[in-house]
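Novice: Below you will find the structure I want to go over with you.
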Amino acid sequence: MVTKEELIQAVEEIEEEKSYSLVKALLDEGTNPKEIIDMLRKGVETVGERFNKKEYFLTELVMAGEIFQQSAKILETAMKDEAETSESLGVVVVGTVKGDVHDIGKNIFVTLLQAAGFEVHDLGVDIAVEKFISKVKETKADIVAYSGLLTVALESMKETTEALKSAGLREKVKIIIGGLPVDEMWMKEAGADAYTDNAFKGVKIITNWLRKG
Amino acid sequence: MEPIKEEPMTSVERVMTAIALKEPDRVPVWPLIDYLPVSYYDVTAQEMVEDPDKAQEAYEWIYHKLGGYDIAMAGGGMYMMHVNPFPDIFSMYYLDWRLPGRMLGQKEFPQLVEQSLDDPFMKVSDYDKIIDEGFLRLANFKRAGIKDMTKLSKIGAKVAENTERWWNHFQVPTFSDGGTAIPFELFSVFRGSTNFMKDIYRIPEKIIEVSDFLVDNLILMGEYGISMSGGKTLIVGASRASSDFISIKHFEELFWPYFKKMVTKYVKDGYIVQMHMDTDWTDRLHYFKELPKGKLYLHMDERTDIFKAKEILGDHICIQGNLKPSLFKLGTPTMIEKQVKEIIDKCAEGGGLFVGAEIPDDAKLENVKAMIDTCKTYGVYRK
């Protein structure tokens, strides 16, 4: 018998192959796939906490996300048999804003959001204002996340917020901005509600918002 | 344009004194300016890359506009960087560089598109291909074509002229006459950062094998670049082996031995090496003590703690930094003056300090000037 703790620990220790074997073994033993997903989430969560304590680094965060995604693929077939799909924690629209193509951090943020159980719509890089607006409308998003590294990105962030206001959507969403240089000054200029230079903390902020909401 | 002669030392003397860990007349100041002139002068981003005369004119204009500073850029250098057929993270032969007038408008600034997760430029199988067939096998020569190849030597000659003009006419050292990449950094950029982080876990032995194979060749290629521009300064940069990306264990195994080898060799060969280290290196600064003393300078951005750097490396390596680039767009001269003074108060004593920052291409001039002026007034060493 494989125990829950074994899988959680394998993810936490970034033992990739071992994690996949354990996921398969648990599945063979008849464990509910949703329970396995919860174990994986717990493992990723612990990696995130160790990342915040600087025991772990971005590489480990990326690997934990990868282990989660690949495991989810293994579980996909088994999950399909179940009638209802699990409900998401909320809808997040994310993209690197117009004029900027940097997306290392954004991609990790997206993976962690998925691992945490959000419905994520990743628009990609160099995203025009209109694309953000139409996606927010279409998905009835709770959260909009702008990513950017260059100072030109700040202008685009401002414009995107303005456009959300004009479209009457600003009150319906929370806005978070992310990227290595973002700080309180950026947040205020961009008309956002929060900022982060840390993908894991970003997910935490969003989780707290939706919990309170 | 004429040189600015208002101070006891020339910029060349000042910079060399600081690198040698002694006190010059005042703290040297270096705004790293790439395309800033495009925002204020009659020049396009495309001309900054492709027209070395016009670019030099623009760099000299902004040098005067700001009242002079201590390290300058030679016009045409950008072209050499992007049309370099050797493996380099700036080379358009390898990577999807969006350049003004090519894939961008004339006034837009170059950007590197990060490799896609599913179809990166360099595949896992290319690690072996590099060993079997050489790195050039990965180059896409069609992307630039014959026109760029024939222009390369012509523009190279102009860059050499402009470099010489800064050093001898203006008495100002130039930035990055040649450059080179560390194998780790190359792989991360060529594979895409996320893919490469997975490689670090999945195939570390392969990364070491190819790094061992490449390192001496990369050293030679950096020297080739510098021989074309006729300069003496070399940039060795890294941003993806810091604590913002990898653990100390991975840093020790996959990055540091190669970085150390390259930097040490360049110093031995008599070049002035700038270690251009973006992102947060604070927890690994002590490794830099293994490098030659008083021969190098270490650029850091605001993520690395410059006060810690002074404490750890102050008697070993000249440090340079570390104002936050976006401050030059969003901040005010007063904010900048305050930060510069703090850096000078805590790090200037005994020499071995430059104040500097990378300047965003849309920065406010008064903010850049505030950094320069504060160094010229507040940064004077009183014997």
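Coordinate-derived values only; no laboratory data. Since the structure is predicted, the reported quantities are computational estimates derived from the model, not experimental observations. Note: ideal-geometry Cβ built from the backbone for every residue, glycine included; neighbour counts use all protein chains shown.
Novice: What lysines sit close enough to B:Lys151 to cross-link, taking a C-alpha to C-alpha distance under 16 Å and skipping anything fewer than 8 places away on the same chain?
Specialist: Correct list for B:Lys151: B:Lys54, B:Lys142.
Novice: What do you get for the angle between helix A:199-212 and the principal long axis of chain A? Use alpha-carbon atoms, 0 to 90 degrees, nearest ten.
Specialist: Long axis of A:199-212 versus the principal axis of chain A: about 80 degrees.
Novice: Please identify the longest segment of chain A free of exposed GluC sites (Glu not before Pro), where exposed means a DSSP state other than H, G, I, E or B and no more than 10 other Cβ atoms within 10 Å.
Specialist: The segment A:88-213 is the longest one with no such site.
Novice: If I model a spin label as a point 7 Å beyond the Cα along the Cα-Cβ vector, how far apart are those points for B:Met149 and B:Asp53 in nm?
Specialist: Going from the B:Met149 label point to the B:Asp53 one covers 2.7 nm.
Novice: Let me ask something else about it. B:Lys107's amide H: which non-local residues (gap 5+, or another chain) put their own amide H closer than 5 Å, with H modeled 1.01 Å from N in plane and none for Pro or chain starts?
Specialist: Here the answer is B:Ala45, since their amide H atoms fall under 5 Å of that of B:Lys107.
Novice: Taking the alpha-carbon distance from B:Lys232 and a cut-off under 22 Å, which lysines remain once sequence neighbours fewer than 8 residues away in the same chain are dropped?
Specialist: B:Lys22, B:Lys154, B:Lys158, B:Lys260, B:Lys261, B:Lys265, B:Lys268, B:Lys293, B:Lys295
Novice: To the nearest whole number, what is the average tally of beta carbon atoms from other chains within 10 Å of the beta carbons of peptide A:103-111?
Specialist: Neighbouring Cβ atoms belonging to other protein chains average 3 per residue here.
Novice: Calculate the FRET efficiency for B:Glu342 and B:Asp283 from the Cβ-Cβ distance with a Förster distance of 25 Å, rounded to the nearest 0.05.
Specialist: Here the calculated transfer efficiency is 0.70.
Novice: Which is the longest part of chain A that has none of the trypsin sites (Lys or Arg not before Pro) sitting in a DSSP loop with at most 15 other Cβ atoms within 10 Å?
Specialist: A:55-139
Novice: Right, another one. Give the residue from B:Thr282, A:Thr160, B:Gly68 lying farthest towards the positive end of the charge dipole for the protein assembly as shown; charges sit on Cβ (+1 for Lys and Arg, -1 for Asp and Glu) and the dipole is referred to the Cα centre.
Specialist: Towards the positive end, the residue furthest out is B:Gly68.
Novice: According to a simple spin-label model (label point 7 Å from Cα along Cα-to-Cβ), what is the distance in nm between B:Ser116 and A:Ala25?
Specialist: Going from the A:Ala25 label point to the B:Ser116 one covers 3.8 nm.
Novice: With θ set to phi - 60°, apply the Karplus curve 6.51 cos²θ - 1.76 cosθ + 1.60 along region A:87-99 and write out the HN-Hα couplings as whole Hz, x wherever there is a Gly or Pro.
Specialist: With the stated coefficients, region A:87-99 comes to 6, 7, 6, x, 10, 10, 9, 9, x, 7, 6, 3, x Hz.
Novice: With a 10 Å Cβ neighbour count serving as the proxy for reagent exposure, in which order, fewest first, do B:His299, B:His250 appear?
Specialist: On the way: B:His299 24, B:His250 21.
With the fewest neighbours first, B:His299, B:His250 line up as B:His250, B:His299.
Novice: If I take R0 = 56 Å and measure r between the Cβ atoms of A:Asn32 and B:Tyr224 in this structure, what FRET efficiency does the formula 1/(1 + (r/R0)^6) give, to the nearest 0.05?
Specialist: That gives a FRET efficiency of 0.35.
Novice: With everything on Cα atoms, drop me the angle between helix B:52-65 and the longest principal axis of chain B, reported from 0 to 90° to the nearest 10.
Specialist: 30 degrees
Novice: First check a/c for region A:91-212, with a ≥ b ≥ c the square roots of the eigenvalues of its C-alpha gyration tensor; if it is under 1.5, answer rounded, and if not, answer prolate when a/b is larger than b/c or oblate otherwise.
Specialist: rounded
Novice: Helix A:104-116 versus the longest principal axis of chain A: what is the Cα-based angle in degrees, 0 to 90, to the nearest 10?
Specialist: 50 degrees
Novice: To the nearest 20 Debye, how big is the dipole of region A:1-59 about its Cα centre, given +1 on the beta carbon of each Lys and Arg and -1 on that of each Asp and Glu? Show your work: numbers first, answer last.
Specialist: Numbers: 9 positive and 14 negative charges, 47 e Å.
The calculated dipole for region A:1-59 is roughly 220 debye.
Novice: If you stretched the chain out fully between B:Asp132 and B:Glu7, how much longer would it get, using 0.36 nm times the residue separation minus the C-alpha to C-alpha distance?
Specialist: On the way: separation 125, 0.36 × 125 = 45.00 nm, distance 5.59 nm.
Gain on extension, B:Asp132 to B:Glu7, equals 39.4 nm.
Novice: Let me ask you something else. Could you work out how far apart the two model spin labels at B:Ile208 and B:Lys268 are, taking each label as a point 7 Å from the Cα in the direction of the beta carbon, and quote it in nm?
Specialist: 2.2 nm
Novice: Report the semi-axes of the equivalent ellipsoid for region A:1-68 in whole Å, largest first, where each axis is √(5λ) for an eigenvalue λ of the Cα gyration tensor.
Specialist: Values for region A:1-68, descending: 22, 10, 9 Å.
Novice: To the nearest whole number, what is the average tally of beta carbon atoms from other chains within 10 Å of the beta carbons of peptide A:112-124?
Specialist: Per-residue shielding by partner chains comes out at 0.
Novice: Same structure again: D for region B:224-338, whole µm²/s, Stokes-Einstein with Kirkwood Rh over alpha-carbon pairs at 4 °C and 1.567 mPa s: what number?
Specialist: The calculation lands on 85 µm²/s.
Novice: Something else now. For chain B, what does -39500 (n - 2.57) per DSSP helix run (n ≥ 4), summed and divided by total residues, give at 222 nm, in deg cm²/dmol to the nearest 500?
Specialist: The helix contribution divided over chain B gives -13000 deg cm²/dmol.
Novice: Full-extension gain between A:Glu119 and A:Arg211, please, as 0.36 nm times their residue separation minus the C-alpha to C-alpha distance. Let's see the in-between values first.
Specialist: On the way: separation 92, 0.36 × 92 = 33.12 nm, distance 1.52 nm.
So the chain would gain 31.6 nm between A:Glu119 and A:Arg211.
Novice: Quick one: Karplus J couplings for region B:262-273, per residue in order, coefficients 6.51, -1.76, 1.60, θ = phi - 60°, nearest Hz, x for Gly and Pro?
Specialist: These are the phi-based 3J(HN,Hα) values: 5, 4, 4, 5, 5, 5, 4, 7, x, 8, 8, 9 Hz.
Novice: Right, another one. Give me a single rounded figure for A:185-196: the average over its residues of other chain Cβ atoms within 10 Å of their Cβ.
Specialist: Across the residues of A:185-196, the mean count of other-chain Cβ atoms within 10 Å is 1.
Novice: Taking other Cβ within 10 Å of each residue's Cβ, how do A:Thr46, A:Thr96 sort, fewest first?
Specialist: Exposure proxy ranking, most exposed first: A:Thr46, A:Thr96.
Novice: In terms of Cα to Cα distance under 18 Å, which aspartates and glutamates are near enough to B:Lys369, apart from those fewer than 8 places away along the same chain?
Specialist: The qualifying aspartates and glutamates are B:Glu6, B:Glu7, B:Asp34, B:Glu60, B:Asp70, B:Glu337, B:Glu342, B:Glu358, B:Asp361.
Novice: Using the Karplus curve 6.51 cos²θ - 1.76 cosθ + 1.60 with θ = phi - 60°, what ³J(HN,Hα) values do you get for each residue of region B:199-211, in whole Hz, with x for Gly and Pro?
Specialist: Once rounded to whole Hz, the list reads 4, 4, 7, 8, 9, x, 5, 5, 4, 5, 4, 6, 5.
Novice: Quick one: give the max-minus-min coordinate of the C-alpha atoms of the protein assembly as shown along each principal axis, largest first, in Å.
Specialist: 79, 57, 52
Novice: Taking chain A as a Gaussian network, Cα atoms linked when under 10 Å apart, which of A:Ile143, A:Ile74, A:Ile36 shows the biggest mean-square fluctuation?
Specialist: Comparing A:Ile143, A:Ile74, A:Ile36 in the GNM, the peak value goes to A:Ile74.
Novice: Around B:Tyr381, which amide H atoms from residues at least 5 apart in sequence, or from another chain, sit under 5 Å from its own amide H, with H modelled in the peptide plane?
Specialist: For B:Tyr381, the qualifying residues are B:Arg26, B:Val27.
Novice: Shape call for chain B from the C-alpha gyration tensor, a ≥ b ≥ c root eigenvalues: rounded (a/c under 1.5), prolate (a/b greater than b/c) or oblate?
Specialist: Oblate is the answer for chain B, as a/c is 1.5 or above yet b/c matches or exceeds a/b.
Novice: How many angstrom separate the Cα center of region B:79-127 from the Cα center of region B:16-47?
Specialist: If we compute the Cα centre of each part, the gap is 25 Å.
Novice: I need A:Ser88, B:Ser125 ordered by Cβ neighbour count within 10 Å, fewest first.
Specialist: B:Ser125, A:Ser88
Novice: Picking from B:Ile207, B:Met300, B:Ile343, whose Cα lies most toward the positive end of the charge dipole for the protein assembly as shown (charges on Cβ: Lys, Arg +1; Asp, Glu -1)?
Specialist: B:Ile343
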